[in-house]
Amino acid sequence: MAAIQGNEPILKLSNIGKSFANKEVLRNIDLQVNPGEFIAIVGKSGCGKSTLLRIIAGLEEISSGSVIVHGEELNGRNKMAKIMFQDGRLLPWKKVYDNVGLGLKSDSQKQQISKILEQVGLADRSKAWPVELSGGQKQRVALARALIHEPQLLLLDEPLGALDALTRIEMHELIENLWREKQLTAILVTHDVEEAVALANRVILIEEGEIVMDLPIRLPYPRQRENPIYSKLVSQILNRIMKKRGNLVSELSLTK
Ligand SMILES: Nc1ncnc2c1ncn2[C@@H]1O[C@H](COP(=O)(O)OP(=O)(O)OP(=O)(O)O)[C@@H](O)[C@H]1O
Ligand SMILES: [Mg+2]
């Protein structure tokens, strides 16, 4: 793999198109991801967010264009990325510790399991079964399972969508802290515009398979929700969506 040069993009999507059978789902997608960025992808249900994330993870073939990872064309799985899904996908017959350790081969990685469980606030639940955990705890396990592989790029597909508002805010803090401490690059797919502005330093809006907005968020972390600029950015994104589709506010709700 080519060496990383300074601020070179870690990922470059050029003119990506994706169709399922005859249905075009993504078109003309150009996206450059720089190291350390936290990108949020928002957009209406069915606009192509998860498909784009799966393409970045190398889990979905593209119909046209190219995906360049560290200067080389992606072929198969993207080894620098780990993806975390909305439902967590824990194995119910494995305890928390073993869910996090799934697929680990080296002893040095296995030795990290307790540490990573501590980092996500679950040090005392390592012997619990998934069924004994709350929704938020399950997502913490899923996050630990992604992070144990020390991915350079963390891909999050609506990981907090099923959680209540307070647990979501706690998870925002956790994700933000881990992103900073581990110097990750993160791409978060979310329906929640407020969540996007709380976490990301760049918000991308997809409409009908195309990127129609790429907005930098330059507010300092941790984000203060009472900051008027914060609310202004949330409104700006919602207004951009409403211009084309007046009925979208309920789908991209502030509090979900
Ligand atoms: N494997 C597949 N085969 C056929 N069509 C698919 C497949 N995966 C996705 N699609 C279609 O592609 C479009 C985009 O789907 P995608 O899951 O990327 O949307 P999304 O923006 O993530 O939506 P949501 O917010 O509801 O999760 C949808 O019309 C969907 O039906
Ligand atoms: Mg999706």
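Working value for the chain: equivalent-ellipsoid semi-axes of 28, 23, 18 Å, each the square root of 5 times a Cα gyration tensor eigenvalue, largest first. Cross-link candidates for LYS232: which lysines have Cα within less than 18 Å, leaving aside residues fewer than 8 places away along the same chain? Here the lysines satisfying the reach criterion relative to LYS232 are LYS243.
Test of understanding: in a Gaussian network model of the chain with alpha carbons linked when under 10 Å, which of GLN111, GLN183, GLN139 would top the mean-square fluctuation ranking? Between GLN111, GLN183, GLN139, it is GLN111 that shows the largest mean-square fluctuation. Computed log10 I(q)/I(0) for the range 92-149 at 0.13 Å⁻¹: -0.25, from the Debye equation with unit scatterers placed on every C-alpha and solvent omitted.
Among GLU61, GLU173, GLU226, the largest mean-square fluctuation in a Gaussian network model of the chain (Cα springs under 10 Å) belongs to GLU226.
Solvent-accessible area of the chain (1.4 angstrom probe, protein heavy atoms only): carbon and sulfur portion equals 48 percent.
Paramagnetic label reach from TYR221 (point 7 Å along Cα→Cβ; backbone nitrogen cut-off under 16 Å): within the range 184-206, residues 184-189, 195-203. Accessible area per residue for the range 92-149 is 52 Å², calculated with a 1.4 Å probe on protein heavy atoms, without ligands, DNA or RNA.
Going from most exposed to least, what order do MET242, MET171 have by accessible area with a 1.4 Å probe? Write down the numbers at each step before the final one.
Numbers: MET242 70, MET171 0 Å².
Largest accessible area first, the residues go MET242, MET171.
Taking GLU194, GLU37, GLU24 as the candidate residues, the one with maximal mean-square fluctuation in a Gaussian network model of the chain, Cα springs under 10 Å, is GLU24.
Computed with a 1.4 Å probe over protein heavy atoms only, the accessible surface of the range 162-236 comes to 45 Å² per residue. Modelled label positions at GLU150 and SER64, each set 7 Å beyond Cα in the direction of Cβ, lie 4.1 nm from each other. Assuming charge only on the beta carbon of Lys and Arg (+1) and of Asp and Glu (-1), the dipole of the chain about its Cα centre is about 220 debye to the nearest 20.
Evaluate E = 1/(1 + (r/R0)^6) for LYS94 and GLU118, where r is the Cβ-Cβ distance and R0 equals 25 Å; express this FRET efficiency to the nearest 0.05.
Numbers: r = 19 Å, r/R0 = 0.77.
After rounding, the FRET efficiency stands at 0.85.
Each Lys or Arg adds one and each Asp or Glu subtracts one; over the other residues with Cβ under 12 Å from the Cβ of LYS127, this totals 0.
Peptides 208-214, 42-48: what's the order by average Cβ count within 10 Å, highest mean first?
On the way: 208-214: 16.6, 42-48: 19.6.
Going from most to least packed, we get 42-48, 208-214.
Computed over every Cα-Cα pair of the range 139-244 and binned at 5 Å starting from 0, the pair-distance distribution P(r) comes out as 2, 10, 22, 24, 20, 13, 6, 1, 0 percent.
Using C-alpha pairs under 8 Å with a sequence gap of at least 6, the mean separation divided by the residue count of the range 92-149 gives a relative contact order of 50 percent. Length gained on full extension, ARG77 to SER14: 20.9 nm, using 0.36 nm per residue less the C-alpha separation.
The values are calculated or read from the model by the stated rules, or taken from the named source; none is laboratory data. From a predicted model like this one, the values you see are computed outputs, not experimental measurements. Glycine also receives a Cβ, built like all others from the backbone with ideal geometry; neighbour counts cover every protein chain displayed. Just the protein is used for accessible areas: all its heavy atoms, side chains included, with ligands, DNA and RNA removed. Shrake-Rupley method; radii C 1.70, N 1.55, O 1.52, S 1.80 Å.
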